[in-house]
Amino acid sequence: MKKLTLEEMSRQAIIAAIYVVLTISISDFSYGPIQFRYSEILNLLAFLNPINAIGVTLGVFISNFWSTLGSIDLIFGTLHTAISLFFITKSKNIIVASLWPTIFAFIIGYELSFLAGFGSFEVMTLQVMASEFIIMTIISVPVYMLLTKKEKFIEVVGGTKKILKK
């Protein structure tokens, strides 16, 4: 991996901070069996520039210090994000990119069911899948489609990838 510039490090710190603030501002819905983290919209920043995966992953890790699930959320929540972001950065299409957190929701389902003792694995996984699909695909994709029409947004987030190929 190449050495990050000061601008890139600053951008990652800002992304992490925004993720933390958005997550803990609705902590009742960010942790536990009902998860609806609107901060997950930031995941697609990694689609625009793979370096942004650092800030999002760091934001998830820091946010999970406030988790009611304790240290297991630091491990499994961050693992879910890291794996999802890896595949997001490899995706050629924003819709496909938006689906990876939904596909890997079973990691959080496992955490909630087997490690935290909330309900069945299937139910926990389906709840997290529904949340991720709503936030990542139904909400995030149209938002990013609009935002990426603005060159300033692309510049601010360090975007290197176009959403729609002609």
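The values are calculated or read from the model by the stated rules, or taken from the named source; none is laboratory data. Model, not experiment: these values are computed from the prediction. Here the Cβ is made from the backbone with ideal geometry for all residues, glycine too, and neighbour counts use every protein chain on show.
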(request) Please determine, by comparing only the residues of segment 107-138 that are more than 15 Å from the chain's Cα centre (by Cα) and among the aromatic types (Phe, Trp, Tyr), which one is nearest to Glu40 (Cα to Cα). (result) Tyr110
(message) The conditions are (1) within 17 Å of Val56 (Cα to Cα); (2) surrounded by 14 or more Cβ atoms within 10 Å (Cβ to Cβ); (3) free of Cβ contacts under 8 Å to residues at least 12 places away in the same chain, and Met136 fails exactly one of them. Which is it?
(response) (3)
(request) Tell me which of these Lys150 doesn't satisfy, since it passes every other one: (1) surrounded by 17 or more Cβ atoms within 10 Å (Cβ to Cβ); (2) out of contact with any helix residue (DSSP H, G or I) (no Cβ under 8 Å at 6 or more places or on another chain). (result) (1)
(request) Return only the number of the condition from (1) without any contact (Cβ under 8 Å) to a residue 40 or more places away in the chain; (2) within 19 Å of Ser30 (Cα to Cα) that Lys90 does not satisfy. (result) (2)
(request) Only residues that are among the aromatic types (Phe, Trp, Tyr) and within 20 Å of Glu155 (Cβ to Cβ): list them for segment 1-48, please. (result) Phe47
(request) Quick one: which residue in Leu99, Leu115 is of a type in the set (A, V, I, L, M) and surrounded by fewer than 18 Cβ atoms within 10 Å (Cβ to Cβ)? (result) Leu115
(request) Any residue in segment 73-84 that's of a type outside the set (D, E, K, R): show its pairings with residues that are not in a helix (DSSP H, G or I) at Cβ separation under 6 Å, as long as the two are six or more apart or on different chains. (result) His80/Phe104; Ile83/Phe104; Ser84/Phe104
(message) If I filter segment 124-131 for residues that are part of a helix (DSSP H, G or I), modelled with pLDDT of 95 or more, among the small types (Gly, Ala, Ser) and closer than 17 Å to Gln35 by Cβ, do I get at least one hit?
(response) yes
(message) Regarding segment 22-38, can at least one residue be identified that is out of contact with any Phe, Trp or Tyr (no Cβ under 9 Å at 6 or more places or on another chain), crowded, with 20+ Cβ neighbours inside 10 Å and not in a loop (DSSP other than H, G, I, E, B)?
(response) no
(message) Only one of Leu48, Leu74 is among the aliphatic types (A, V, I, L, M) and surrounded by 20 or more Cβ atoms within 10 Å (Cβ to Cβ). Can you tell me which?
(response) Leu48
